[in-house]
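Below is one structure, written out as structure tokens, with a few remarks after it.
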Amino acid sequence: LLALGLVALGAFSALRVGSGFLPTMDEGAFVMDYVLPAGTSLAETDRVTAKIDAVLQATPEVVTFTRRTGAELGPAAATQVNTGDIMVRLKPSGERERGIEDVIAEVREQVAEAAPETRVEFVQVLQDVLDDLSGNPRPIEVKLFGEDYAVLRKLAAEVATRIEPLPGLVDLDPGYEGLAPELRFDIDADQARRIGQTPAELAARLDT
């Protein structure tokens, strides 16, 4: 009877005690991915992200950081110049009063104020890997499938609006990019010949 009682007590306790693969940890570093509106030039991206640099420089817990634009973590790949990432290293936990989540929360708020046109996402690299291994990945993705991009974009905006108020949700990305601005020239070949130019020569001048 005593053994059965202990088994029952153990089973009851197991149901009441929280569990997980590994507890959330303070790695002392994080990566901040940033995305500016589609079509943003390299010069404008650098100007805006300089404001983010200033925020990090003013954060007392930050020891150092490196910023990359138009590049991704992992194998080399061609990317647009309106996106990039910043690797941030903090002081050892014993030398700072705040945990990494509090530091990230403050940086997130200040970046939103200094560069409101920038979409950012924060992640601790090892924690992200462990979340994937535990079957509880972050960030969480909601995927929509269909043939009409305009309809998908509308639905994505509606879904984002509905889930945005959820407690604990940060760095919400609606999942679509804006349209890149484009300036198009149509050359009148006859008019070009009248001024002694070929369409190819005019196109080269316009490109310059």
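The values are calculated or read from the model by the stated rules, or taken from the named source; none is laboratory data. Everything quoted here is computed from the prediction, not taken from an experiment. For neighbour counting, all protein chains shown are included, and Cβ atoms are generated from backbone atoms with ideal geometry for every residue, glycine included. Heavy atoms of the whole protein, side chains included, go into the accessibility calculation; ligands, DNA and RNA do not. Shrake-Rupley method; radii C 1.70, N 1.55, O 1.52, S 1.80 Å.
The numbered conditions (1) outside any strand (DSSP E or B); (2) at pLDDT 85 or above are all true for residue 22 except (2). Filtered by the rule that a residue be at pLDDT 90 or above, surrounded by fewer than 17 Cβ atoms within 10 Å (Cβ to Cβ) and aliphatic (A, V, I, L, M), segment 63-101 gives 63, 87.
All conditions but one from (1) hydroxyl-bearing (Ser, Thr, Tyr); (2) part of a loop (DSSP other than H, G, I, E, B); (3) at pLDDT below 90; (4) open to solvent by less than 80 Å² (accessible area, probe 1.4 Å) apply to residue 13; the one that does not is (2).
If you check residue 182 against the conditions, is it of a type outside the set (A, V, I, L, M, F, W, C), at pLDDT below 90 and open to solvent by 90 Å² or more (accessible area, probe 1.4 Å)? Yes.
Consider residue 172 carefully, then state whether it is assigned to a helix (DSSP H, G or I), surrounded by 12 or more Cβ atoms within 10 Å (Cβ to Cβ) and at pLDDT 80 or above. No.
Taken together, the residues in segment 102-144 that are modelled with pLDDT of 90 or more and open to solvent by 80 Å² or more (accessible area, probe 1.4 Å) amount to 4.
The condition of being among the charged types (D, E, K, R), modelled with pLDDT under 85 and open to solvent by 70 Å² or more (accessible area, probe 1.4 Å) holds for only one of 207, 190, that being 207.
Residues of segment 175-192 that are out of contact with any Pro (no Cβ under 9 Å at 6 or more places or on another chain) and in a helix (DSSP H, G or I): 190, 191.
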